[in-house]
Structure formats: structure tokens, C-alpha cells
Amino acid sequence: CCGSSLFLKNRFGQGYTLTLTKTPDCKEDSIRKVVGKIEGAKVLSSVGKEISFQLPVAQVSQFPEVLDDIDNNKQSYGIQDYGISITTMEEIFIRVARGEEQDNEEVEEMKSNLVQKRGERAGHEVTAAS
């Protein structure tokens, strides 16, 4: 697969990642509720002082409302800081590499099925090793 970085990100990207740094008095349930206003938002991780969400590209029009809410209520939600980023090229390359491995397995399975069907049409049983 080849193309510009924009093409690859649109085709293989997982969207945006919103990462928030929590304070000791963080209200994680409130944060999840606010970010959950973005349709399709998923929690990626919540470890230590950070919580990360995956946000779909298709819902980018919903981001300003949620980010404004976070900006206006950082202290009450217990958010020290936050950042948003789009899928990196490194993540794209890893995903493509994993996809190629999956595709190779699928190709082998299709070849095996084709060999089996050809053998059945010829009137005799054929194994995938033939």
C-alpha cells in the first residue's frame, strides 16, 4: 500500500486520541460522561494520572463542544492538562504490517478452499497439502 501521509491516515487511521492528565481529585466518571457526548468515543486506557480516549474522525464536528466543556470545567473535573492528536504514521505502519499478516493468512485459507472445491468438482477428494 502506498500513498501520501494524509491518504494513509484517512484509510488506516484510528481517528484522534484525546489524552487527559488527571489531578488527585479527578472525577473520572464526569470526564467519561463529557467525552461520551462524542458518538463512538472509546476509552483506550486509564492508568495512573492519565486517561486516553479514541475519537472517530467522522465525529470531528462534535469536538469543539466537548473541548469547550473540558476547558471551562478543568478544575471541577480534576483535569490538570489535556491534548489531542491524530493517528501517527508509526501507528499506521504497525497497523498495515499487522493487516498484511492477517491478509496473508486469509489468502492461504482462500487458496486451500479453492483447491478443495476444484477437487470436489473433479470428483475426488483433495487435501489442502496437495
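The values are calculated or read from the model by the stated rules, or taken from the named source; none is laboratory data. None of these values were measured; they are calculated from a predicted model. Please note that ligands, DNA and RNA were not included when accessible areas were found on the heavy atoms of the full protein model with its side chains. Shrake-Rupley method; radii C 1.70, N 1.55, O 1.52, S 1.80 Å.
Along region 80-85 the Karplus relation, 6.51 cos²θ - 1.76 cosθ + 1.60 evaluated at θ = phi - 60°, assigns HN-Hα couplings of 7, 7, 7, x, 10, 9 Hz to successive residues, with x for each Gly and Pro. The residues of region 46-96 present an accessible area of 60 Å² per residue when probed at 1.4 Å with all protein chains retained. Between K27 and E91, residue separation times 0.36 nm minus the direct Cα-Cα distance comes to 20.0 nm.
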